[in-house]
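Novice: Have a look at this one before I ask anything.
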Amino acid sequence: MKLTIKLCCVALLLFPGLSVGQYISLKSIPVASGDQFLVRPSLNLGMSGVGIAMSDSLFDPFVNPAKGSRLPQFTLFSSPTFYKISDNNGSAKTLPSGFLFNSGKVFGGASLAIQQLSAPDDIRFSQIWSRASRPAQTLLSEKNANNSYLSGFLGLKIPGTELSLGANLFWANLNAVDGVELLYANSNQIEQYGDMLDFRFGLLSESGQDRNVELLVLHNRFNMTHDVSYIRWFGDEQNPGEWREVVEKNLDHTRTWGLHLGYDQKVNETGLRFGGIATANRKTHPKLPNYELMNIPRDPGTTWAYNFGLGASHKKERTTFGADIIFEPIWSNTWADAIDTLTTPSGAKILPGSKTVNNKFRFGNWIMRLGLDYQEKVVGFQIGVQAHWYDYRLNQNDRLAETNRTQREHWLEWTPTFGLSLKLTDFQLYYNLRVTTGTGRPGVSNDWRSLVDGADRGSSPDFIPAPSGALTLADANVYTHQVALLIPIN
């Protein structure tokens with residue numbers, strides 16, 4: 001199945017992750033980008049990651065470091081993770097390892113993960129290359145990219161109070177972000193490099209097991225560079241011309257400040273709990289890439305993103321049930337600035353520094369998670385499902401073309417989950433499976449002849465032509481496997 005995607009869609013950020021919403025991700029095209037940032041283990045992963053009204057002692061401290069006060073003892077962990085996108089559309093292998101500790105007053109932990117990211121087989125070279133221009137074999141650096149992730153937190157329990165404080169640092173050295181290579185439709189080769197830095201400061205107030213209040217402040221800095229290679233024709237009527245390689249540099253920079261509040265409490269003695277969250281993110285985009293797949297010139301931008309969620313959980317003997325529902329209203333504004341004086345069709349002048357294109361997005365996204373856990377003394381299982389509804393409206397004012405347009409896009413992503421657990425005295429072993437459907441891999445529906453015939457002749461490096469064929473989205477599913485090993489040390 002192929003779905004035509006209109007040219008005005010913009011992929012702002014592709015940040016899949018397991019979180020109840022402290023960092024709000026933006027996504028305006030259903031790219032199957034995989035679970036690249038799933039680099040820390042979770043006890044609730046098989047329950048679809050529910051977490052508003054129930055705790056996850058393994059994952060929570062890396063989200064809000066103050067929750068490290070709930071850690072039971074010193075623990076070593078490793079969580080090998082593998083995901084594959086259907087139809088050979090890419091895969092990744094990740095090996096995280098780390099430790100957690102709690103001395104009663106001081107607690108903390110650290111995690112290091114190395115990752116090998118493999119891109120789809122058919123995006124290495126543009127089809128306008130001749131056979132003589134192709135290398136005999138694909139270079140290893142073009143087939144795989146290596147990323148590394150380092151995370152650590154430290155906190156303390158304030159004596160004589162119910163308060164815990166903690167700070168967290170997460171750093172990623174990125175040589176590729178999955179899915180980005182597909183957004184430059186007619187490129188010959190793409191080299192990605194950059195990093196991501198995330199700071200968090202958390203506060204937790206616990207009244208026994210009856211009432212919990214959390215506060216989190218975060219700052220995230222995302223910096224990537226895309227060196228995109230194109231093969232273009234240079235020539236005119238007097239000069240026969242030739243094909244040349246042109247490299248264009250695209251910057252993808254985003255700064256995020258976030259504030260998160262959470263609350264949950266026990267309702268009665270039957271094991272029923274309710275909770276709620278409220279989150280605000282302010283994102284500034286000093287520079288956004290001009291993806292060829294979308295071909296909307298834009299420079300800076302600002303986003304205000306919020307989410308509001310309610311959750312419930314019920315635990316009775318060996319069975320635990322959890323449910324979350326979250327609403328995400330988001331307003332995003334991106335634009336392009338004129339470098340030189342430009343003239344519109346009506347003769348009006350656009351001065352340098354003025355806006356040429358103004359894009360206003362209004363998102364209204366929903367997330368629902370359901371999960372069930374059944375645990376005997378030694379073995380147990382989990383099942384769950386997440387539904388993520390994306391819905392946005394784009395109003396675009398093109399001052400250079402003197403046009404206005406409105407477009408609405410929406411899609412639904414389903415993620416069923418399953419987990420198994422084995423809990424012994426010396427170690428605990430978990431297996432989790434996630435399958436994400438409703439996403440795809442974008443491309444261009446044309447062959448090499450149309451690319452040659454429609455090639456831009458002598459275009460400048462800062463102009464990217466629209467794809468010469470209809471934009472398509474081939475359905476793709478993401479299959480993620482994670483095995484987590486915990487070794488408690490008394």
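Novice: State the number of residues belonging to the stretch 221-244 that are surrounded by 13 or more Cβ atoms within 10 Å (Cβ to Cβ) and touching a residue at least 40 places away in the same chain (Cβ under 8 Å). Spell out the reasoning first.
Specialist: The first filter runs over the stretch 221-244 and keeps only residues surrounded by 13 or more Cβ atoms within 10 Å (Cβ to Cβ), leaving 221-235, 241, 243.
Still in the running and touching a residue at least 40 places away in the same chain (Cβ under 8 Å): 222, 224, 226, 228-235, 241, 243.
Counting residues in the stretch 221-244 that are surrounded by 13 or more Cβ atoms within 10 Å (Cβ to Cβ) and touching a residue at least 40 places away in the same chain (Cβ under 8 Å) gives 13.
Novice: Pick from the stretch 281-321 the residues that are modelled with pLDDT of 85 or more and either in contact with a helix residue (DSSP H, G or I) (Cβ under 6 Å, 6 or more places away or on another chain) or among the aliphatic types (A, V, I, L, M) (or both): which of them is nearest to Asn404 (Cα to Cα)?
Specialist: Looking at the filtered set, the residue picked out is Ala305.
Novice: Among the residues of the stretch 374-426, how many are farther than 26 Å from Trp304 by Cα and hydrophobic (A, V, I, L, M, F, W, C)?
Specialist: Adding up the residues that qualify gives 11.
Novice: Here is a follow-up. What is the one condition in (1) touching a Leu at 6+ places or on another chain (Cβ under 8 Å); (2) surrounded by fewer than 17 Cβ atoms within 10 Å (Cβ to Cβ); (3) within 27 Å of Trp171 (Cα to Cα) that Phe201 does not satisfy?
Specialist: (2)
Novice: Now for a different question. Taking Trp257 and the conditions (1) in contact with a Lys or Arg (Cβ under 8 Å, 6 or more places away or on another chain); (2) at pLDDT 95 or above; (3) buried (at least 17 other Cβ atoms within 10 Å of the Cβ), which numbered condition does it fall short on, given that it satisfies the others?
Specialist: Looking at each condition in turn, Trp257 falls short on (3).
Here is a yes/no grid of residues against (1) over 23 Å from Ile29 (Cβ atoms); (2) over 26 Å from the mean Cα position of the chain (by Cα); (3) surrounded by fewer than 14 Cβ atoms within 10 Å (Cβ to Cβ):
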site: Ile383; (1), (2), (3): yes, no, no
site: Arg393; (1), (2), (3): no, no, no
site: Thr403; (1), (2), (3): no, yes, yes
site: Gln407; (1), (2), (3): no, no, yes
site: Trp414; (1), (2), (3): no, no, no
site: Val435; (1), (2), (3): no, no, no
site: Arg441; (1), (2), (3): no, no, no
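Novice: Any residue in the stretch 207-219 that is assigned to a loop (DSSP other than H, G, I, E, B), farther than 25 Å from Gly276 by Cα and either in contact (Cβ under 8 Å) with a residue 24 or more places away in the chain or out of contact with any Leu (no Cβ under 9 Å at 6 or more places or on another chain) (or both)? Break it down stepwise before answering.
Specialist: In the first step, residues of the stretch 207-219 are kept if they are assigned to a loop (DSSP other than H, G, I, E, B); the result is 208-210.
Next, only the ones that are farther than 25 Å from Gly276 by Cα stay: none.
Within the stretch 207-219, not a single residue is assigned to a loop (DSSP other than H, G, I, E, B), farther than 25 Å from Gly276 by Cα and either in contact (Cβ under 8 Å) with a residue 24 or more places away in the chain or out of contact with any Leu (no Cβ under 9 Å at 6 or more places or on another chain) (or both).
Novice: So Trp243 ticks every box in (1) under 26 Å from the mean Cα position of the chain (by Cα); (2) on the phi < 0 side of the Ramachandran plot but one. Which box is left unticked?
Specialist: (1)
Novice: So which residues in the stretch 401-423 are aliphatic (A, V, I, L, M) and either touching a residue at least 60 places away in the same chain (Cβ under 8 Å) or touching a helix residue (DSSP H, G or I) at 6+ places or on another chain (Cβ under 9 Å) (or both)?
Specialist: Leu420
Novice: Please count how many residues of the stretch 385-429 are over 29 Å from Ala476 (Cβ atoms) and of a type in the set (A, V, I, L, M).
Specialist: Going through the stretch 385-429 one residue at a time, the tally reaches 5.
Novice: Please work out which residue is surrounded by the most Cβ atoms within 10 Å (Cβ to Cβ), limiting yourself to the stretch 304-358 and to residues that are of a type in the set (Val, Ile, Thr) and either over 30 Å from Leu288 (Cα atoms) or free of Cβ contacts under 8 Å to residues at least 12 places away in the same chain (or both). If you could, list the steps in order and put the result at the bottom.
Specialist: Here is the first cut: in the stretch 304-358, the ones of a type in the set (Val, Ile, Thr) are 319-320, 325-326, 330, 334, 339, 341, 343-344, 350, 356-357.
Okay, now just the ones that are also either over 30 Å from Leu288 (Cα atoms) or free of Cβ contacts under 8 Å to residues at least 12 places away in the same chain (or both), so 319-320, 325, 341, 343.
On the way: Thr319: 13, Thr320: 21, Ile325: 16, Thr341: 10, Thr343: 10.
Here the answer is Thr320.
Novice: Output the number of the condition that Thr225 fails; it satisfies all remaining conditions of (1) touching an Asp or Glu at 6+ places or on another chain (Cβ under 7 Å); (2) not in a loop (DSSP other than H, G, I, E, B).
Specialist: So Thr225 meets the others, but not (1).
Novice: Does Gly469 satisfy being at pLDDT 90 or above and touching a helix residue (DSSP H, G or I) at 6+ places or on another chain (Cβ under 7 Å)?
Specialist: On the way: at pLDDT 90 or above: no; touching a helix residue (DSSP H, G or I) at 6+ places or on another chain (Cβ under 7 Å): yes.
For Gly469, the condition - at pLDDT 90 or above and touching a helix residue (DSSP H, G or I) at 6+ places or on another chain (Cβ under 7 Å) - is not met.
Novice: What is the number of the single condition among (1) modelled with pLDDT under 90; (2) out of contact with any Pro (no Cβ under 6 Å at 6 or more places or on another chain) that Gly90 does not meet?
Specialist: (2)
Novice: Related question: So for the stretch 20-39 (the condition being of a type in the set (A, V, I, L, M, F, W, C), in a loop (DSSP other than H, G, I, E, B), touching a helix residue (DSSP H, G or I) at 6+ places or on another chain (Cβ under 9 Å) and at pLDDT 90 or above), does at least one residue qualify?
Specialist: yes
Novice: Okay, moving on. If I filter the stretch 129-142 for residues that are over 19 Å from His226 (Cα atoms), surrounded by fewer than 17 Cβ atoms within 10 Å (Cβ to Cβ) and at pLDDT 95 or above, do I get at least one hit? Give the steps one after another, and end with the answer.
Specialist: Within the stretch 129-142, the first condition is being over 19 Å from His226 (Cα atoms), and the residues that meet it are 129-138.
When the remaining residues are screened for being surrounded by fewer than 17 Cβ atoms within 10 Å (Cβ to Cβ), the result is 129-138.
Narrowing the set further to residues that are at pLDDT 95 or above leaves none.
Within the stretch 129-142, none of the residues are over 19 Å from His226 (Cα atoms), surrounded by fewer than 17 Cβ atoms within 10 Å (Cβ to Cβ) and at pLDDT 95 or above.
The values are calculated or read from the model by the stated rules, or taken from the named source; none is laboratory data. Keep in mind that what you see is a predicted model, and the values were worked out from it rather than measured. Cβ atoms come from the backbone with ideal geometry, glycine included; neighbour counts cover every protein chain shown.
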